[in-house]
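Derivation of every value follows stated rules applied to the coordinates shown; laboratory data play no part. Note that this is a predicted model, so its numbers are computed, not measured. In this analysis, Cβ positions are derived from the backbone assuming ideal geometry, glycine residues included, and neighbour counts consider all displayed protein chains.
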Amino acid sequence: MTRVNVLLLCVLVVCALSLVTSRHQARRLTVELEREQARARQFDVEYGQLSLEQSTWGMPARVEKVARESLKMQLPAASRVEVVETANGK
Amino acid sequence: MRTPPARKHVPPPAELPRVRALLVFGAVGLLLVVLLGRSLWLQWMDNDFLQSQGAARFSRAIEVPAHRGRIVDRFGDALAISTPVKSLWIFRDKIAATPEQLRNLARVLETTPQQLSTRIKGEGEFAFVARQLAPETAERALALGIQGLNEQNEYRRYYPGGEVTAQVIGFTGDKDAGQEGIELAQQAWLGGTPGSRRVIINRRGDIVEDVAAIHAPQAGRDLALSVDSRLQYLAFRELQAAVERNKAKAGGLVVIDAKSGEILALANWPTYNPNRRDKVARDKMRNRALTDTFEPGSTMKPFTIAAALEAGKIRPDSVIHTEAGELTIGKQTIHDAHRAGPLTVEQVIQKSSNVGAAKIALSLPSETLWRMFSEAGFGTLPATGFPGEVAGRLRPPATWKPIEQATMSYGHGLSVNLVQLARAYTIFADDGELKPVALFKTEGAVAGRPVVSVKTARAVRHMLELATLPGGTAPQAQVAGYRVAGKTGTARKIEGREYTRKYVASFVGMAPVSNPRLIVAVMIDEPTGGDYYGGSVAGPVFSSVMGAALRMLGVPTDAPVDNVVLPPPDAIVQEET
């Protein structure tokens, strides 16, 4: 009888300790998850800022200005355009 | 037994008095009972209070932000986008900053210490120190460690297209809620609902346990418009140039995909920058192409002709006597801008004869003409989903007097908006089908509603092509490499009940004629640069927008590149209305 009791006591202690550890683990992982989620949000924000930047730099108004002013490009006159037919007529 | 005295020995302790033992036992027992009682009390009786106190210290409801969806063009390029910003605020009686800190704060916020202290010392309990800062700037400001300075997370909407797309997109106001344009109309789709959840934090402020989600956040959804930002810019640039060249009051330009009815570009002038709109007049925010109407003038004539062709009253080569350019109905006389003598129906469109159109209209019952106009979408909302779009005015035929029927045949006595007008021309571009117009991206071909027969539609399209050739009213609308078809409009503006000497010059056309892909409608309001004819004011705008747009979209040419033949200026047919 005593043996069984001692055994059960040991099991109980082990269980209690594992509960404590798993609880601790859970909290640690939550903190980690939270940190990663914050990072994900941060990336979201950054993505938004970058796509904003991309469309601002890529606006046709700016592209045209750069092409005309810094690259000295110009549209060819109609007389200088040749229409080429491809083999399949498209 | 006695111990020998020689050996020094501690006597064994006498037995403790029983009373003392009991006393100690009792005291310890009592303490135990008190402790036990207290713990029972705490565990069961006073539990709620303690739980709530514990929760107050370690459990928090935190807000989970949900940001507003983006508005993108048909290729996914952002036209409106929200990014997080921070505002700094204070309670005026709680702020404690040293002059040194204030100077530093002013430097971070790029303002002067004087301005900053007036803002801090003002009236009221609560004040914003700075609004909508970049997150990094706000962090640097908070790092100064000023007591009582707090931050607040907000979103700010940016419009990369600026003034080019301003009237279509609209803008958002406080709390990122739509206030104008698409932002307003699609608030439910774009707007997110922030959620919240309950968590447990430890004493360092880290979240250690997720207890429950109170509301799941609902992020706003992205919205794809039918607009092509390259065409939009092109349309805007050409419109702006034309308004300035002609010293006009305002202007509008619409590009529609003839196959799907999608609006590819919708430009307005005057405009404003939605990113900086502190002192913008309401007037500039209007999307005139949808919310304003005007009397279209001659751009209505093709519909009159189509109605008569459908009714079998005329054929394209029937001859109409234009009575030396004057026709008197009752007490009023209508005029042509030039005398032409007898004209075929084709020439009535080509040379834009008012008398010719009026005579054709008077040969029809008013219901027939009204039904044609109505089925072409005039007098009904264009249903783009844009807030504030108008239907224009088309009176019921029972109230038409003969003179009104005559003037309506060439676009006076009714009003339309520019999008309606462009859309109505899908009838001629799509072999008789009226396409629904759309501001949002649609996939594939769209079924239209047949309004006139294929034969009528093609006949009118041919007449419209003649109008852009030498001998027509709009040779300036020609495009190198493509056959174009279109109609000019030069309408006098009505103010009160009188027609004034102010004009609306317009042009609506399509290309390539062999298989129309695009419809472009241009409207220039009150040109005062000397010229006011639709052909010379709006025609060149049509030509440059249409030409560049077709090249951009890679539409195969259907004419040689040297097809543009401009007659000498004095030979160009000018027309009024």
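A few notes on this one:
- Sorted from longest to shortest, the spans of the Cα atoms of chain B along the three principal axes equal 164, 52, 49 Å.
- Karplus-derived HN-Hα couplings along the range B:43-53 (A = 6.51, B = -1.76, C = 1.60, θ = phi - 60°), whole Hz, x at Gly and Pro: 6, 10, 7, 9, 4, 4, 4, 5, 4, 5, 5
- Approximate spin-label separation B:R38-B:S374, in nm, with each point projected 7 Å along Cα-to-Cβ: 9.1
- Cα→Cβ-extended label distance, 7 Å offset, between A:R68 and B:S59, nm: 6.5
- Shielding of peptide A:53-64 by partners, expressed as the average count of other chain Cβ atoms within 10 Å per residue Cβ, is 6.
- Here is the result for the range B:485-524: no chymotrypsin sites (Phe, Trp or Tyr not before Pro) lie in DSSP coil with at most 15 other C-beta atoms within 10 angstrom of their C-beta.
- Label sites at B:Q332 and A:E82, each approximated as a point 7 angstrom past Cα along Cα to Cβ, lie 5.8 nm apart.
- Over the range B:63-103, all Cα pairs binned in 5 Å intervals from 0 give whole-percent P(r) values of 5, 14, 12, 15, 10, 8, 11, 9, 7, 5, 2, listed from short to long.
- Cut-off 17 Å (backbone N to label point 7 Å along Cα→Cβ of A:E36), residues of the range B:188-229: B:207-210
- Between helix A:2-57 and chain A: long-axis angle, C-alpha atoms, 0 to 90°, nearest 10: 10
- Free of any GluC sites (Glu not before Pro) that DSSP assigns to a loop and that have at most 11 other C-beta atoms within 10 Å, the longest stretch within chain B is B:126-442.
- Note on the range B:158-247: percent of Cα-Cα distances in each 10 Å bin, starting at 0 and stopping at the bin with the largest distance, equals 14, 29, 22, 17, 11, 5, 3, 0.
- For the range B:314-370, radius of gyration divided by Kirkwood radius, i.e. Rg to Rh on alpha-carbons: 0.96
- Near B:S82, once Lys and Arg are set to +1 and Asp and Glu to -1 for all other residues with Cβ below 15 Å from its Cβ, the sum equals 0.
- If you wrap the tightest convex hull around every Cα atom of the protein assembly as shown and split its volume per residue, you get 356 Å³.
- Kirkwood estimate for chain A, i.e. one over the average of 1/r between Cα atoms, Å: 21.0
- Rounded Å value of the spacing that divides the Cα centres of the range A:58-81 and the range B:104-118: 44
- For the range B:266-281 versus the range B:350-382, the gap between their alpha-carbon centres in whole angstrom: 36
- Cα-based values for the range B:1-150, radius of gyration first and Dmax second, are 35.6, 117 Å.
- Mean projected area in nm² (Cα convex hull; one quarter of hull surface) for the range B:150-301: 13.9
- In this entry, the range B:243-331 is assigned a mean projected area of 11.3 nm², taken as a quarter of its C-alpha convex hull surface.
- Dividing the summed helix terms, -39500 (n - 2.57) for each DSSP H run of n ≥ 4, by the number of residues in chain B produces a 222 nm estimate of -9000 deg cm²/dmol to the nearest 500.
- Extension gain for B:R393-B:R20 works out to 123.1 nm (0.36 nm per residue, less the C-alpha to C-alpha distance).
- Listed by chain and number, the lysines placed with their C-alpha closer than 21 angstrom to that of B:K259 are A:K90, B:K435, B:K441, B:K455, B:K487; residues fewer than eight positions away on the same chain are left out.
- Over the range B:451-577, the alpha carbon radius of gyration divided by the compact-protein estimate 2.2 N^0.38 Å works out to 1.08.
- Rounded to the nearest whole Hz, the Karplus-based 3J(HN,Hα) values (6.51 cos²θ - 1.76 cosθ + 1.60, θ = phi - 60°) of the range B:267-279 follow the sequence 10, 9, 9, x, 9, 8, 9, x, 7, 9, 10, 4, 10, with x at glycine and proline.
- Close amide-amide hydrogen proximity is noted between B:A391 and no other residue 5 or more places distant or on a separate chain, at a cut-off under 5 Å (H modeled in the peptide plane; Pro and chain starts excluded).
- Percent of Cα pairs in the range B:382-425 per distance bin of 10 Å, from zero to the largest separation: 25, 46, 24, 5.
- Tail beyond 19 Å, pair distance distribution of the range B:465-532 (Cα, percent): 40
- For the range B:83-127, the Kirkwood hydrodynamic radius from C-alpha pairs, put into Stokes-Einstein at 10 °C and a viscosity of 1.306 mPa s, yields a diffusion coefficient of 140 µm² per second.
- For the range B:503-511, Karplus couplings with θ = phi - 60° (6.51, -1.76, 1.60), whole Hz, Gly/Pro x: 10, 10, 9, 9, 8, 10, x, 9, 6
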